[in-house]
Every structure is written in C-alpha cells, then in structure tokens.
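Please treat every number below as a calculation from the coordinates, not as lab data. On a predicted model such as this, the values are computed, not experimentally measured, just so you know. Here the Cβ positions follow ideal geometry from the backbone for every residue, glycine too, while neighbour counts run over all protein chains shown.
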Amino acid sequence: MSTRINSSDLKLKERVKELKCLYAITRFALEADNDEEALLRETLRLLPEAMQFPDLAEVSIEALKAVFETPGFARCKAHISARLEVKGKARRSFGTIRVGYRPDNPSTKGKAAAPGKSGPAFLKEEKNLLKAIAREVSLFINKVHMAESNKTLELQLQHSDRLAFVGELSAGIAHELNEPLGRILGFAQLIQKNGSLAGQPADDIERIIKASLYTREIIKKLMLFSRQMPRQVIAVDLNAIIANILYFIDVRFQDRKVEVVRRLDPHLPEIQADPVQLSQVLVNLITNAVHAMPKGGVIKVTTKRDDKHVRLSIADTGHGMTAEIRKKIFEPFFTTKPVGQGTGLGLSVVQGIIEDHKGKISVVSAVGKGTRFDIKLTIDN
C-alpha cells in the first residue's frame, strides 16, 4: 500500500512539474511582445525542469535559422522530438524541439525508467508535454509572422495610396502649367526670332527660353509619372535605342572624363515597347551615372537575352549609395541633389515606365563601389 502511494505521489509530482512548465511558457508567450528568440531561450531554460530526470535533461531548439542548445545536448545518444509547425490548409514548419538525456547512470529511486547506455527511457507523458510545448511555441511564432505580414501589407497599401494621390496631383499641376508655359516659350522664341534685341536683353531672352524648355521637360516627367502620356508600342531593337542615346550625349562623357563600355548582345531579339519611353529610361539612368562620377569613371551598358527576357544593365564606378538612400530612390520627389539641380522624378519615371512594360527594375549599390541598375523586359512572341 505504501509503495502504491509513493508511486502515485511521484506521478502527481511529475504532472505538476509538467503543468507548471507549460503554464510558464504560455504566460511568457503572452508577455514576450513578439520576441521569438526570447521565447525560445525561455523554453530552453524551463523545459529540462519538467522532465523526469531534470539533472540529466538537455534541450535543443532549431528555429529562426539558428540552433539553441543546452551545453550537454551533444552528449545525448537518444532523444524525443516535436515539430514546430502550424497545421491547416497552408501548413507551415518553423523547426524542431528535441529533448535528450545524457547517458549517465542516474538513481531512479523507484521511478518508471530504464537507465542504460543511451540514458533513461522517455515516458509517454514527457512526449505529450513536448508536443504541447511545441504547439504553443509554433502558435506564437506563427502569430509573429502574421503580424509582420500584415504590417508589410499595410505599408504597401499606404505606399500605393500615396502614389495614387501624388499621381493625381502631378497630373493636375502638369495640365495647369502647360498652357501658360507654352505662351511664355512661344513669345520668347518670337522675340528672339525677330532679332531686334542685342546685348543683355538678348541674353535674357535666351535664358527665358532655356528655363522654359527645362520646365517643359519637368512637365513631361510629371505626365509620364501620372500616366498621362499614352504608350506607342512597336517592335523595337533595344541595342539601336542604346546606340542612338549614346551618340547624342557622348560629348558630355568626354567633358567629364567618363568612359562608356558597351557589351551589347548582337543576337538580341526585338521587344514590344515604346521607343520614346525606353529612351527616357536610358537618358535618366546614364545621366545619373555621370553625375555619380564627378571626377570621371566608367559606365558599362550591357544587354543580353535570358530565356524569355531581354536584360539591360547600366553600371557605374561612382560613389554608390547607402542602404538608406537605396530604399528611397524610386520614391517620387526624393533626390540627393542640391535644391534646383534635381526634381526627384527621374527614377520614379523610370520605374513607372518599366512596370508599364510589364518589366522589373532592381538596383545594386554600395558606398564607394558604384551602382548597377538591372532591367528585365519580356520578349513577346
């Protein structure tokens, strides 16, 4: 009778330890404030105490692309394990929790265990506890991932709304400016054509014309950005467009000691695109590359065919960009140039044109190591 009571007491104590462990981990999960690593380390600390032989128990948790282990886990010859996963339509696996006993020779003191070279045997209750803890940790990690996904989606929606608003505003500004600007430019050109002015007045008229032409280019960018200028899609040879652009702005390279290296695939297929808009893309990217190398450097323009795509790469050996700047370069009106020297629309327009052509644009850059823009456009059969 006494032996039976002692056995019952031992079992009760084991169940109490297991419940305390599960409760502590659940409570910590509620207070962990989405800190996954903190929960895993707390689980690593609490779990051995809930096992049948806490002095021999070792734990290993593989999750978050890392492994968290108690010091003696490598000595365990056998272990039990439970997957960190969320079951359902979209089954997600996060890792594994393992518990092992070091192969010491413990004194079981009447407990239901079978010590051996691999350590004590595991009870069914221990396996069930590990599954329950793995389920609790999995739910916590899944909750964190869902919160991060929702935050990312919210930021994307905010960005889309902001772009839509800026696009509408840009279109309105462009239309309002077009008519008065056309009059200013027209009358200035008439005065210049008349030839009745000389000296300072003639110089002033020239400045008015140049300022008006520059402003007209800004308006064109605004209209491109707000999708107010429809595309004229035809079959185009990207290499030919590159050659034309480089021919017209080659003088600027010479003045700035910039060397252009062309690596154009001679077998590049034609693509369906708007040649004017692709020219705008090239002008913006090459001009940016030139500005990034005030003391001269090398620009590499590369084209090649890749499966069902045509790839264009424009790389420079300029000052490069920080990670912070790189994240913002496609945002409308963002510029690192001094006031009056840039509108911040160039790369926004480039991105808009490429996306309108169902293409993709990406950038690789590091401070002191230059910048490379990669564009991928689909070959239409």
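List of remarks:
- Relative to the current alpha-carbon distance between Asp307 and Ala121, full extension at 0.36 nm per residue lengthens the span by 61.2 nm.
- Mean Cβ neighbour count within 10 Å, used as a protection proxy, ranking 44-51, 123-130 highest first: 44-51, 123-130
- Ile242, Ile205 arranged by Cβ crowding within 10 Å, fewest neighbours leading: Ile205, Ile242
- Glu69-Phe187 pseudo-label distance in nm [points 7 Å out on the Cα-to-Cβ vector]: 8.3 nm
- The calculated FRET efficiency for Thr287 paired with Glu176, based on their beta-carbon distance and R0 = 25 Å, is about 0.40.
- Cut-off 12 Å, label 7 Å out along Cα→Cβ of Thr96, residues of the range 40-69 by amide N: 60-63
- Two-site label geometry, Ala323 and Thr378: point separation in nm, points 7 Å out along Cα→Cβ: 3.3 nm
- For the set Lys17/Lys124; Lys295/Lys376; Lys304/Lys369; Lys257/Lys327; Lys13/Lys77, the pairs lying more than 20 angstrom apart at their alpha carbons are Lys295/Lys376; Lys304/Lys369; Lys257/Lys327; Lys13/Lys77.
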